[in-house]
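A short reminder: the numbers here are calculations on the coordinates, not readings from a lab. No experiment lies behind these values; they were computed from the predicted model shown. Because the Cβ atoms are built from the backbone with ideal geometry, glycine has one as well, and the counts that use them run over all protein chains shown.
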Amino acid sequence: MTRHFLRDDDLTPVEQREVLELALRLKAERFAERPLAGPRAVAILFDKPTLRTQLSFTVGVAELGGHPMVVDGNLARIGVRESVEDTAKVLGRQVAAVVWRTFDQSRLETMARHAGVPVVNALTDQFHPCQALADLLTIAEHAGGLDALHDRTLAYVGDGANNMAHSYLLAGATAGMHVRIGTPFGRRPDAQVVDRAAAVAATTGGSVTVVHDAAAAVSGAEAVATDTWVSMGDATSEQEAEELFGPFRLDAELLDRAEPGAVALHCMPAYRGKEITAEVMDGPRSVVLDEAENRLHVQKAVLTWLLERP
Ligand code: CP
């Protein structure tokens, strides 16, 4: 059966660990795996803006021996010019895998149902699982290894209803972490995602908590993450965002409430002075550039792992 990586809980705890171990190996030995040798092509489709994702998938596919075919969504106009289903069937005849950044998760699910090759989520409105995996790898590296993820507390402050909050909940719970979301009333994560993350956490020894106080969220945490207050396509004005999320800004005072040695995460692009201060973003506790680099290593691992499934 063709496997996909559409959301974080598509990987079981054992599988997530396998992928993270493979990512560490590929980080140490960049060209150790060549599952795309031929070269076989991977379609990398973008319906939304990108820098890191296009960069890391393009480099990653090339390093795996393949040919990255990057397609601007404005050219393909998937779902407008032709259906997602027809697009999937055409792509699946010629590429080894499909990587897609798009809007609603249902579009990605339709692609996966019809492509006949592995499909990877490069960000949807609901989830950003490749970023969450890269962040887990980054936290592990700074904590002394993958075993250190278990029982560690990851706090996220900001928009609790966005894709990064959802992915942190699911990926963190899968890794046995304690995930705390600090977000305003009215911006709680999707209840189904919280319930699913809690169910996963019950099997891994982790936990999930949603609070409406930033200090309570980060207190004692070993990793503190945030993300843009206004996600791609969100109509919230800058003034509305400031009023809503201002108390959840990741500044040095808030980070000081975390464990000594806690790392600060941001998946970038970052807006200094809004969701994160320049002092934190560019300071000694920031690991944002490690996160950006680790996108490459985890995505190579995800593609290799998916392509090797029977
Ligand atoms: N973090 C991330 O996905 O970056 P891009 O939007 O630039 O791809």
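Work out the length of the dipole vector of the chain about its Cα centre, built from +1 on the beta-carbon of each Lys and Arg and -1 on the beta-carbon of each Asp and Glu, and round it to the nearest 20 debye.
On the way: 30 positive and 43 negative charges, 229 e Å.
So the magnitude is around 1100 debye.
Taking the Cα centre of the stretch 221-298 as the origin, how large is its charge dipole in debye, to the nearest 20, when only Lys and Arg (+1) and Asp and Glu (-1) carry charge on their Cβ atoms?
Here the size comes out at about 140 debye.
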Quiz item: In whole Å, what is the distance between the alpha-carbon centres of the stretch 188-206 and the stretch 43-121?
Solution: 28 Å
Exercise. Work out from phi, with θ = phi - 60° and the Karplus expression 6.51 cos²θ - 1.76 cosθ + 1.60, the ³J(HN,Hα) of each residue of the stretch 124-137, listed in order in whole Hz, and give x for Gly and Pro.
Key: 10, 4, 9, 9, 9, x, 5, 5, 5, 5, 4, 5, 4, 4
Quiz item: Is the stretch 1-42 rounded, prolate or oblate when judged by the Cα gyration tensor, a ≥ b ≥ c being the square roots of its eigenvalues, rounded requiring a/c under 1.5 and prolate requiring a/b larger than b/c?
Solution: oblate
Quiz prompt | Residues of type lysines that Lys274 reaches as a straight line, Cα spacing below 26 Å, ignoring anything fewer than 8 places off in the same chain | solution = Lys48
Exercise. Show the residues, 5+ positions off or on another chain, whose built amide H is closer than 5 Å to the amide H of Thr228.
Key: none
Quiz item: Roughly what % of DSSP beta bridges within the chain run antiparallel, to the nearest 5?
Solution: 0 percent
Self-check item: Compactness index (Cα Rg / 2.2 N^0.38 Å), the chain
Solution: 0.95
Practice problem: Using a Förster distance of 25 angstrom, determine the FRET efficiency expected from the C-beta separation of His67 and Glu293, and round it to 0.05. | Solution: 0.65
Quiz item: Tell me, what HN-Hα J-couplings in whole Hz come from the Karplus equation 6.51 cos²θ - 1.76 cosθ + 1.60 at θ = phi - 60° for each residue of the stretch 142-155, using x for Gly and Pro?
Solution: 7, 9, x, x, 5, 4, 6, 5, 4, 6, 7, 9, 10, 9
Exercise. Based on the mean of other Cβ atoms within 10 Å per residue, sort peptides 267-278, 39-50, 238-249, 221-232 so the most packed one is first.
Key: 221-232, 39-50, 267-278, 238-249
Quiz item: To the nearest 20 debye, what is the magnitude of the charge dipole of the stretch 184-238 about its Cα centre, counting +1 on the Cβ of each Lys and Arg and -1 on the Cβ of each Asp and Glu?
Solution: 180 debye
Quiz item: Quick one: which of 170-182, 134-146, 111-123, 251-263 comes out on top by average Cβ neighbours within 10 Å, and what's the full order, highest first?
Solution: 170-182, 111-123, 134-146, 251-263
Practice problem: Can you check what the net charge comes to around Gly158, using other residues whose Cβ is under 10 Å from the Cβ of Gly158 (Lys, Arg +1; Asp, Glu -1)? | Solution: 0
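Is the stretch 14-166 rounded, prolate or oblate when judged by the Cα gyration tensor, a ≥ b ≥ c being the square roots of its eigenvalues, rounded requiring a/c under 1.5 and prolate requiring a/b larger than b/c?
Numbers: a/c = 2.21, a/b = 1.33, b/c = 1.66.
Note, shape of the stretch 14-166 comes out oblate.
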Quiz item: Taking amide H positions as placed 1.01 Å from N in the peptide plane, with prolines and chain starts having none, which residues 5 or more places from Thr153, or on another chain, fall under 5 Å of its amide H?
Solution: His178, Glu222, Ala223
Quiz prompt | For the stretch 64-150, with +1 on Lys and Arg beta carbons and -1 on Asp and Glu, the positive-most of Ala122, Leu137, Val95 along the dipole | solution = Val95
Quiz prompt | Whole-angstrom gap from the stretch 136-152 to the stretch 247-310, using each part's C-alpha centre | solution = 13 Å
Self-check item: Note, ³J(HN,Hα) from phi for the stretch 252-258, Karplus 6.51, -1.76, 1.60, rounded to Hz, x at Gly and Pro
Solution: 4, 5, 5, 4, 5, 7, 6
Self-check item: Among Leu306, Gln54, Thr153 the positive-end extreme of the charge dipole of the chain (Cβ point charges)
Solution: Leu306
Exercise. Using amide H atoms built 1.01 Å from N in the peptide plane, name the residues 5+ places from Val208, or on other chains, whose amide H lies under 5 Å from its own.
Key: Val179
Self-check item: Gyration tensor (alpha-carbon) shape descriptor, the stretch 220-310, a/c threshold 1.5
Solution: oblate
